[in-house]
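Asker: The structure is given below, and queries will be raised subsequently.
The values are calculated or read from the model by the stated rules, or taken from the named source; none is laboratory data. Predicted model, so just to flag it, every value in this text is computed and none were measured. Cβ placement follows ideal geometry from the backbone for every residue including glycine, while neighbour counts extend to all protein chains displayed.
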Amino acid sequence: MTFNNLMVTGGCGFIGSNFIRYLLGEEDFQGRIINVDKLTYAGNPENLSGVEEAYPGRYFFERADVCDAERMKEIFARYDVDAVCHFAAESHVDRSIRRPEGFIYSNIFGTFNLLEIARHRGDAFKLFHHVSTDEVYGSLGPEGLFTEETPYRPNSPYSASKAASDHLVRAYHETYGLPTTLSNCSNNYGPYQFPEKLLPLMILNASEGKTLPVYGDGRNVRDWLYVTDHCEAIWTIMKRGRRGETYNVGGASEMENIVIVEMICDLLDELMPLEGGAKRRSLITFVKDRPGHDRRYAIDFSKINRELGWSPKESFATGLRKTVDWYLKNRPWADRIRSGEYRRWMEEHYGG
């Protein structure tokens, strides 16, 4: 399927900016991308520095809130939008626990607005792809995997808001015949990730010899997916996925949090040893666990592999090394982000 004018919401965020860079480099996409982003704390236009110049006439940025229905209608009409890839969401679990109202408004009402506008475009509209999370499924025991048939059991305000938006997308396909696809992914990592997330936080703190705060006993398990692999999966679903279907996207990389932190420590000890030969594992400090912290997530991505032929290219070891290298080479980017609101939040949450 050909998309001429693709709206990417939240395109200045971590996954959204990687997706825009990925897609504009793909030979089988020759259309325009309209990036709509409110530029909240995690949205950074610098993530797409140079893109407009590299792809003249194919990339456009609109600072707008998906919750502003009138503004979104105007953007849809002006660019003749025929497809949406919807990333825009408040996405940090800790923030959702402390201030849930913004998550409910942005993630549910914002998705509703976009679906309403898309359905009223009729046959001119080709696809609404919704990017979601494995957190909607709740927590796994020591065995088993999340599949597309796993019942939803969200355990945080963030995951509950994403579950609600998933249900809206499905309902608009079933009720109105809106062409939709939906993907639930495992934890992403890679370039341009906001520094309060686990991997960039640990990479930056460890590189500076700072404390490495780990929740609880550090044995919480996540499946990790390199962001470029995720971008390829999304584009594969958009092109060839069955309309109305959900596809789970995983990285085949289940890891305990503490193991990840130790791998980061060892890798940085190799790349930039501390004075006196000190080991960065000594910087690890266990802090009080957060409420509703799911113990284990793990994704079964056999459906997308079987139907669409997708599987991740990066192992966790290769992806982690690429990620560490990127953050070490892009310290000015990280330093600018870690000032201001982010710094105040960190000082309040971790005591500086």
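Asker: Out of 249, 287, I need the residue that is more than 21 Å from residue 15 (Cα to Cα), β-branched (Val, Ile, Thr), touching a residue at least 60 places away in the same chain (Cβ under 8 Å) and touching a Phe, Trp or Tyr at 6+ places or on another chain (Cβ under 9 Å). Which one?
Answerer: Within the list 249, 287, the selection yields 287.
Asker: Could you grab me the full set of residues in segment 200-215 that are of a type outside the set (Val, Ile, Thr) and either surrounded by 23 or more Cβ atoms within 10 Å (Cβ to Cβ) or more than 15 Å from residue 255 (Cβ to Cβ) (or both)?
Answerer: Across segment 200-215, the qualifying residues are 200, 201, 202, 204, 205, 206, 207, 208, 209, 210, 212, 213.
Asker: How about segment 295-310: which of its residues are part of a loop (DSSP other than H, G, I, E, B) and either within 18 Å of residue 137 (Cα to Cα) or within 18 Å of the chain's Cα centre (by Cα) (or both)? First the steps, then the outcome.
Answerer: Going through segment 295-310, the residues part of a loop (DSSP other than H, G, I, E, B) turn out to be 295, 297-298, 300-301, 309-310.
Across segment 295-310, the qualifying residues are 295, 297, 298, 300, 301.
Asker: Tell me which strands (runs of 3 or more DSSP E) are completely within segment 18-117 and hold 1 or more residues being touching a Cys at 6+ places or on another chain (Cβ under 7 Å) and surrounded by 18 or more Cβ atoms within 10 Å (Cβ to Cβ), or say none if there are none.
Answerer: Ranges flagged: 32-37.
Asker: Failed condition for residue 134, given (1) surrounded by fewer than 16 Cβ atoms within 10 Å (Cβ to Cβ); (2) among the acidic types (Asp, Glu); (3) modelled with pLDDT under 95, with all others met?
Answerer: (1)
Asker: What is the residue count in segment 199-215 for residues that are in contact with a Phe, Trp or Tyr (Cβ under 7 Å, 6 or more places away or on another chain) and farther than 18 Å from residue 327 by Cα?
Answerer: Going through segment 199-215 one residue at a time, the tally reaches 2.
Asker: Next question, about the same structure. Give me the residue from segment 219-252 that is of a type outside the set (Asp, Glu) and at pLDDT below 95 and, out of that set, surrounded by the most Cβ atoms within 10 Å (Cβ to Cβ).
Answerer: Residues of segment 219-252 that are of a type outside the set (Asp, Glu), as a first pass: 219-222, 224-228, 230-231, 233-244, 246-252.
Those still in the list that are at pLDDT below 95 too: 219-222, 252.
On the way: 219: 13, 220: 21, 221: 17, 222: 23, 252: 19.
Residue satisfying both the conditions and the ranking: 222.
Asker: Checking residue 7 against (1) over 24 Å from residue 236 (Cβ atoms); (2) in a strand (DSSP E or B); (3) of a type in the set (A, V, I, L, M, F, W, C), which single condition isn't satisfied?
Answerer: So the condition that residue 7 fails would be (1).
Asker: When only residues in segment 69-83 that are touching a residue at least 40 places away in the same chain (Cβ under 8 Å) and not aromatic (Phe, Trp, Tyr) count, which is nearest to residue 129 (Cα to Cα)?
Answerer: Among those that are touching a residue at least 40 places away in the same chain (Cβ under 8 Å) and not aromatic (Phe, Trp, Tyr), it is 83.
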